[in-house]
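Here's the structure, in structure tokens; my notes come after.
The values are calculated or read from the model by the stated rules, or taken from the named source; none is laboratory data. In this text the structure is predicted, and so the values were computed from the model without any measurement. Virtual Cβ from ideal backbone geometry, glycine too; neighbours counted across all protein chains shown.
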């Protein structure tokens, strides 16, 4: 299983070092290398990438700025000279966090993790009967059926999942939780809300009515709601 990847680092020497590691690894394909966030973002718009080897501290825009600008995240392997960003990095569900200079052993270990994650995700996509997810709430793994989810709301460092029977608080970013949901059933209609569009009762220019609850609708998301051809 080969993974398409890019390297983003403003240091020419460090970028060259990671490029060589990528090119020498039999399970990686280098899709591009960039020394700034904007060029990397343009590449990601038109290329499918499995893994980003990402520096954090870069001029103008940081590695975190790049991730915050993406609607869906590939796997992220942070490569940085500092350790103080580690906690924040794993809020982005990072596959690994490597400190410069990166040894071959640690690099290969990170790639092995990325391959394992890719295999799990591929298997899930093949399972046509998968109509539920497991979430971790109150230190327990809870099975939640997708058709029972009404909406998900951002609540600081948590997301609140509201279902027909209950609600759950899960430690996660909105972006990471969105990536666990099927895009043919769930849509992010606001920076703080994801909805199950199968449950929509109606909408106007500012709100979506869903199971009797009014959810704010961002202006740039109205066209996506209209494209659903709701009956």
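Assuming residue 147 fulfils every condition listed in (1) without any contact (Cβ under 8 Å) to a residue 40 or more places away in the chain; (2) touching a helix residue (DSSP H, G or I) at 6+ places or on another chain (Cβ under 9 Å) apart from one, which condition is it? With (1) without any contact (Cβ under 8 Å) to a residue 40 or more places away in the chain; (2) touching a helix residue (DSSP H, G or I) at 6+ places or on another chain (Cβ under 9 Å) applied to residue 147, the lone miss is (1).
If a residue has to be within 21 Å of residue 172 (Cβ to Cβ) and not in a strand (DSSP E or B) to count, how many in the range 200-220 make the cut? Count: 1. The set of residues from the range 31-53 being surrounded by 15 or more Cβ atoms within 10 Å (Cβ to Cβ) and in contact (Cβ under 8 Å) with a residue 40 or more places away in the chain comprises 49, 50, 51, 52, 53. At least 2 residues being over 22 Å from residue 108 (Cβ atoms) is the threshold, and among the helices (runs of 4 or more DSSP H) wholly inside the range 1-85 those reaching it are 37-46, 63-69.
The rows are residues; the columns are (1) loosely packed, with under 14 Cβ neighbours inside 10 Å; (2) assigned by TED's automatic domain parsing to the domain that holds residue 7; (3) in contact with a strand residue (DSSP E or B) (Cβ under 7 Å, 6 or more places away or on another chain); (4) under 21 Å from residue 94 (Cα atoms).
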position: 138; (1), (2), (3), (4): yes, no, no, no
position: 149; (1), (2), (3), (4): no, no, yes, no
position: 156; (1), (2), (3), (4): yes, no, no, yes
position: 165; (1), (2), (3), (4): yes, no, no, no
position: 177; (1), (2), (3), (4): no, no, yes, yes
position: 186; (1), (2), (3), (4): no, no, yes, no
position: 198; (1), (2), (3), (4): no, no, no, no
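A single member of 21, 66 is farther than 23 Å from residue 91 by Cα, crowded, with 17+ Cβ neighbours inside 10 Å and either outside the structural domain of residue 82 (by TED's automatic domain parsing) or out of contact with any strand residue (DSSP E or B) (no Cβ under 6 Å at 6 or more places or on another chain) (or both), and it is 21.
Looking at residue 73, is it surrounded by fewer than 21 Cβ atoms within 10 Å (Cβ to Cβ), under 16 Å from the mean Cα position of the chain (by Cα) and in the same structural domain as residue 120 (by TED's automatic domain parsing)? Taking the combined requirement at face value, the residue satisfies it.
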